[in-house]
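Below: the structure, in structure tokens.
The numbers here are math on the coordinates, done by the rules we state, and not lab data. Please read all numbers here as calculations on a predicted model, not as lab measurements. All Cβ positions, even for glycine, are placed from backbone atoms using ideal geometry, and neighbour counts span all protein chains on display.
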Number of protein chains: 2
Amino acid sequence: GSNPYHDDAVDWVVEGWVVVLAVGIAAGIVAGGSDIASQWLGDIKEGYCDTAFYLNRNFCCWGLDEADTCQNWIPWNSATFVVGYVFYIMFALMFATTAAYLVKTYAPYAEGSGIPEVKTILGGFVIRHYLGLETLVIKTVTLVLSTAAGLSLGKEGPLLHISCCIGNILPRVFPKFKKNEAKMREILSAAASAGISVAFGAPIGGVVFSLEEMSYYFSSDTMWHSFFCAMAAAVALKLMDPFRTEKLVVFQVSYNRDWHGFEMIFYMLLGILGGLWGAFFIRMNLRLAAFRKTSWLRFFPIYEVFGVCLLTAMVGYLNIFTRVQSPELLANLFRECDGGAGNYHGLCDEGGVALRVFALLSAGGVKGILTILTFGLAIPAGIFMPSMVIGALFGRALGMLVLAWQTNHPGFWLFSSCLPDVPCVTPGSYAMVGAAASMGGVTRMTVSLVIIMFELTGALTYVLPIMIVVMTSKWVGDAFGKEGIFDGIILLCGYPFLDDREEYKLNTMASQVMTPVEDIVVVTATGNTLDSLDNLLHETQYKGYPVVNSLRDMMLVGYISRTELRYAIDEARKRNLPGNTPAGNVVPILENTPAFIEFRLWMDQTPITVSHRFPMDQVIVIFRKLGVRYVLCTQHGQLLGLITKKDVLRHLASIEHPGEQESS
Amino acid sequence: GSNPYHDDAVDWVVEGWVVVLAVGIAAGIVAGGSDIASQWLGDIKEGYCDTAFYLNRNFCCWGLDEADTCQNWIPWNSATFVVGYVFYIMFALMFATTAAYLVKTYAPYAEGSGIPEVKTILGGFVIRHYLGLETLVIKTVTLVLSTAAGLSLGKEGPLLHISCCIGNILPRVFPKFKKNEAKMREILSAAASAGISVAFGAPIGGVVFSLEEMSYYFSSDTMWHSFFCAMAAAVALKLMDPFRTEKLVVFQVSYNRDWHGFEMIFYMLLGILGGLWGAFFIRMNLRLAAFRKTSWLRFFPIYEVFGVCLLTAMVGYLNIFTRVQSPELLANLFRECDGGAGNYHGLCDEGGVALRVFALLSAGGVKGILTILTFGLAIPAGIFMPSMVIGALFGRALGMLVLAWQTNHPGFWLFSSCLPDVPCVTPGSYAMVGAAASMGGVTRMTVSLVIIMFELTGALTYVLPIMIVVMTSKWVGDAFGKEGIFDGIILLCGYPFLDDREEYKLNTMASQVMTPVEDIVVVTATGNTLDSLDNLLHETQYKGYPVVNSLRDMMLVGYISRTELRYAIDEARKRNLPGNTPAGNVVPILENTPAFIEFRLWMDQTPITVSHRFPMDQVIVIFRKLGVRYVLCTQHGQLLGLITKKDVLRHLASIEHPGEQESS
């Protein structure tokens, strides 16, 4: 028709939706499958089903009330405590060590959370094979193992990484996507949403997380695709129903009571503690990571996993709050004490508060130390769940103290808004608020964190307290350093990531940052041959070369990247062209050359150029908003210098930490 | 210190937070106050309190159960139906006509929703006085009047506009903000969040709405400020507690039952209907708006309001579902039938389904027609609430039909998943889903709509159905035209708005779109005088002029905007410089000129330039991502042409509608 733009787009649109649907469903299936597997393996640590060994405890005891004792499930510690203890530790070590071995041997990229790297990739930096098939398979298997081992880690970050692997592999069925970097990034953003969607059972939280934390570009198309992908993933997970609860969310709570004004004081206290803990965690964990990278420790990753796992299992088994799997613990901590139901390990008993508060606090402390040790080991490990659990443990403890205070001194002025003979303080809500505070302190998420908490618990009336607490915890945390844990890791690993959303105010000009033309290698538009270009590629390692009309005039003609030049040369070699075949910008008209390597086919003829006096903060805007990797400085068409993303990052680092020596 | 960048920032940071806090609190107070006022005026239409005329029905009957009859509240129709009918119509006409008169006389900008205009302003286009003090005052007063008149309109859009007026006026206390356009836009984005936050009682929905629908730039700072502003506004509103419910949200529902798989069919049917209705509404409403603009109707805006209000009141009084105020109706439609409670006007009765379905459907139809007529009148009028009400009416009707079907034929295969003797179908959930579908069809919101529905109702288990329905309705609606109602109005009014998030794929180059240098007026860097420049400004009306070294060489030196040039000239006139004072780029060194007007102080010395062969889709990216208003085309430093935002919009229009004649 008269409008090629629209006709061309139809294929894209349809294929885009198909790909996103497939990615979402696959992410949901993988998440559901790994949930089932890790639950089964996790239960094996504590006992077995004597009717069918392949059943986990839930299915083994299916149909029985919580109060009844389940005859078919035989805990290892039914004989003596020691047997149970030894079996628990043994299985945990087996799972963890296997996981570490598999990661180290087959897919080193499967370790850690994956969120910092995916963020960097979405920012335009290429980490080859990071989202490959090996990573996908190994990370899925080892995530199951490391979760089942009972280590202090979460599955959320790894599931995002796994989902992004799927989002990287599946679209390659369509050859179009393979070549289109922008489209691939769009699919990756959508896959990230799906990952969080299935990790938490929070589809909307997933979309907003991807938007807030992960994505460099977020067009309305991307948002729309992410929405669909997160939805498809959630539907697939719900249909699989791995926990047989018919609910997407494990922690759903319904509070019968609303919060009171005076409780805001305690909530904000939790916010402050969350921020302090987050800052402490980030500092300790990054220090450990730096030590791990540089010391002898780096040669023994599997032994390190073994050691941390041994510690976790030995200490963890002794306290009920550290022994159970995290989602179950979290659900019980969030729950309201309502008559008989929900009294999990005496959390709702009236007496013995001091002892149980001590148990909660010590569990929180132990979990805290273990999490610092665990996050960064050579196994898949997320940080969301452990930080929530730690916050919930402390929060519940505080809530129980406040409740005890209020019941013992109901006449105290602080509690004047409490009605007599009606429960006033809900310790479960303190656990929920504490979880948000701790996660906020560690990750510095804002909007997406509130949405995720909201989707996890459905506690509508608690949206305002959670917002206030998340804000408090972020403010306190930011006072000790602006980076959340993921940005901290990006900095530590030195990934070239330019934060899309931070605003810079600089007084420098482009000419102060650019590599001047004297120090860069340029290609001339005439006078080159196949061999001379090949030599250039062998002698220099630059990622690309500006093309100028001549070395005397230095008028800018274009920019040719190393990859494109390599490709052009290889093509020419395939056609068996002689080494002295001329190469240049335009085919010479006068000479009747039989063969010619024409730059124009491979060269970026219209690179982004700025004046050498262009303000640096505007250059940064160009880099991050336009997603380019280089900008050329010119004056009246003459090349003056080159600015790469690395130059910009180095410049920013030198401004923010003027004392430090640069290391490239 | 060694780092001026950080020192400079502290003031900004503190002032930024203070301003955002003040804007949020002010927005919450205004919203709470207008709620109280419009509720009181709205009740006056139906009766009065004989103990104290200034009490609305709720407070007049305070402390009584719903079942009791309130002795103190005297409805006008207690004598005869006719008296009540006449009083109702009379009051409605009085309120609506007063509102229209005030708008037309004192602040024409107060009319309509305001969302399209705020969106355009956030996109970088200046509409003077649109966010001024008159608009603020008049819109607040007339919003109360037009809501109380019972017209088919919502307060959500207008509250956003009012909130943005506050966000525009308050920061000017700090002189810094006045000058910094970017900061002002950041505050406006935050104010928009606060507006939606208080309009719906949905703080998170407000932030995501601002992010998804309104904002051109959304840095992490902006998100963070928006989060805080929306929170402050919600807290202020909650403390005011205008409805004395101690709840932020009016419609909070809690469903005891989950949805069943088969219901998804009916939900999706609602999604399709919502999309169709949305497309129909947009087409009809825009057609009416175009007619209103061009026909005789434009001379009688107050009579038009009078007419529509007369129609609304006369028809509306006859059906209980159109007579009550929208929030109350919505809350009742959403409610689950649970024993005796929640049986609002027989919605939960078992018999007489046909009659009540007819009442609901006819109310929906009437509301639909009235909404098409009302949205666009010369009074403040939002579209969110009416579209939700219409969807809820239809949804509830469908839900009641499905319930009747299921109770009469429980053995039908479709209902096999229903348990015997347990209520299976929840008509209230159909109302909720219908409301989302209709609002989605009209506005084409996605993520923010789901979050708002979620925050309105707290129905955690319905997130997936709502997502699927919103998606269906958007797909169906998009098939008839991609623009939602707000974008439609932007197009109709011809605001220069470049959608930040749509992706364009063009095959054109910059040279095809630019105004060539022959057709533009340039200023030379030398040879001008004060008088010659003044003449230039009088003779031409361009918004700015490229500066070149000479007319022969045409080497680009910079760009000077009309405003800056005007300012420079006025400054020179103030200093009483003679008309022949030379003006130019650089002070001439050789001559010892006593006075000189130096361009450099006023000129953009480093305008964004692109090669004339630069691809047009990249130019568009530059326009929207860098927020510039012009781009200069050069070759080897020589000026070839100028591209403005209007050129880009005209070019896009010519591609999307190749047949149409351009009208600039």
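A few points about this structure:
- Computed over the alpha-carbon pairs of segment B:118-238, the distance histogram in 10 Å steps reads 15, 46, 33, 6, 0 percent, short to long.
- Whole-number Å³ per residue for the convex hull built on Cα positions in chain B: 200
- With the label put 7 angstrom out from Cα along the Cα-to-Cβ vector, B:Leu601 ends up 5.7 nm from the copy partners, going from closest to farthest.
- Debye intensity ratio in log₁₀ form over the Cα atoms of the protein assembly as shown, taken at each q of 0.04, 0.05, 0.09 Å⁻¹: -0.26, -0.41, -1.29
- Across segment A:428-433, coupling constants 3J(HN,Hα) worked out from phi with the 6.51/-1.76/1.60 Karplus curve, θ = phi - 60°, read x, 5, 5, 4, 5, 5 Hz, and Gly and Pro carry x.
- With each label modelled as a point 7 angstrom along the Cα→C-beta vector, the B:Val173-A:Ala479 pair spans 2.4 nm.
- Remark on segment A:506-653: ratio of C-alpha radius of gyration to 2.2 N^0.38 Å is 1.11.
- 3J(HN,Hα) along segment A:318-334: 7, 10, 4, 6, 9, 7, 5, 6, 4, x, 5, 4, 4, 4, 6, 5, 6 Hz, from the Karplus curve 6.51 cos²θ - 1.76 cosθ + 1.60 with θ = phi - 60°, whole Hz, x for Gly and Pro.
- Based on the Kirkwood approach, the hydrodynamic radius assigned to segment B:244-331 is 17.3 Å, with every pair of different Cα atoms included.
- Cα centroid separation - segment B:390-425 against segment B:435-474, whole Å: 21
- With the charge dipole of chain B set up from +1 on Lys and Arg Cβ and -1 on Asp and Glu Cβ about the Cα centre, the Cα lying farthest toward the positive end among the listed residues B:Gln638, B:Asn528, B:Ile162 is that of B:Asn528.
- Sites B:His409 and B:His345, calculated FRET efficiency, Cβ-Cβ separation with R0 30 Å, nearest 0.05: 0.70
- Among the chymotrypsin sites (Phe, Trp or Tyr not before Pro) in segment B:148-241, none sits in a DSSP loop with a Cβ that has at most 12 other Cβ atoms within 10 Å.
- Spin-label model, B:Phe358 to B:Phe299: label points 7 Å out along the Cα-to-beta-carbon direction sit 4.5 nm apart.
- When A:Leu506, B:Leu556 are sorted by how many other C-beta atoms sit within 10 angstrom of their C-beta, beginning with the fewest, the order is A:Leu506, B:Leu556.
- Copies compared at B:Pro175 - label distances in nm, ascending, label defined 7 Å from Cα in the Cβ direction: 6.6
- Segment B:48-145: radius of gyration over Cα atoms, expressed as a fraction of 2.2 N^0.38 Å: 1.56
- From phi via Karplus (6.51, -1.76, 1.60), per-residue ³J(HN,Hα) for segment A:78-83 in Hz, x at Gly/Pro: 5, 6, 9, 4, 4, 4
- Where Cα atoms sit under 25 Å apart: lysine pairs in segment A:103-250 separated by 8 or more or lying on different chains: 16
- When B:Thr529, A:Thr472, A:Thr245 are sorted by how many other C-beta atoms sit within 10 angstrom of their C-beta, beginning with the fewest, the order is A:Thr245, B:Thr529, A:Thr472.
- Spin-label model distance (nm) - A:Ile265 vs B:Val422, 7 Å beyond Cα toward Cβ: 4.5
- Estimated translational D of segment B:409-535 in µm²/s (Stokes, Kirkwood radius over Cα pairs; 20 °C; 1.002 mPa s): 106
- Within segment A:445-477, backbone nitrogen closer than 18 Å to the virtual label 7 Å beyond the Cα of A:Ser254 toward Cβ: A:454-463
- Placed amide H near A:Gly558: partners under 5 Å, 5+ positions off or other chain: A:Val547
- Counting neighbouring Cβ atoms within 10 Å and putting the fewest first, the residues B:Leu639, A:Leu55 line up as A:Leu55, B:Leu639.
- Nearest-first distances (nm) between copies at A:Val86, label 7 Å from Cα via Cβ: 9.8
- Sequence-separation-based contact order of segment A:43-146, relative, with Cα cut under 8 Å and 6+ spacing, percent: 24
- Centre separation in Å (Cα based) which lies between segment A:169-206 and segment A:254-277: 36
- 11 Å beta-carbon shell around A:Val315, net charge (K/R +1, D/E -1): +2
- Database remark: amide H of B:Thr529 closer than 5 angstrom to the amide H of B:Ala583 (H placed geometrically; neighbours at sequence offset of 5 or more, or on other chains; Pro and chain starts carry no H).
- Helical mean residue ellipticity (222 nm; -39500 (n - 2.57) per DSSP H run of 4+; nearest 500) of the protein assembly as shown: -18500 deg cm²/dmol
- Sequence ranges A:104-116, B:450-462, ranked by mean other-Cβ count within 10 angstrom, highest first: B:450-462, A:104-116
- Secondary structure note: in chain A, about 75% of the DSSP beta bridges are antiparallel.
- Inverse mean reciprocal Cα-Cα distance (Kirkwood Rh) of segment B:342-462, Å: 15.8
- Cysteines, chain A, no other Cys beta-carbon under 4.7 Å: A:Cys164, A:Cys165, A:Cys229, A:Cys309, A:Cys493, A:Cys633
- B:Glu571-B:Asp519 FRET efficiency (beta carbon distance; Förster radius 35 Å; 0.05 resolution): 0.70
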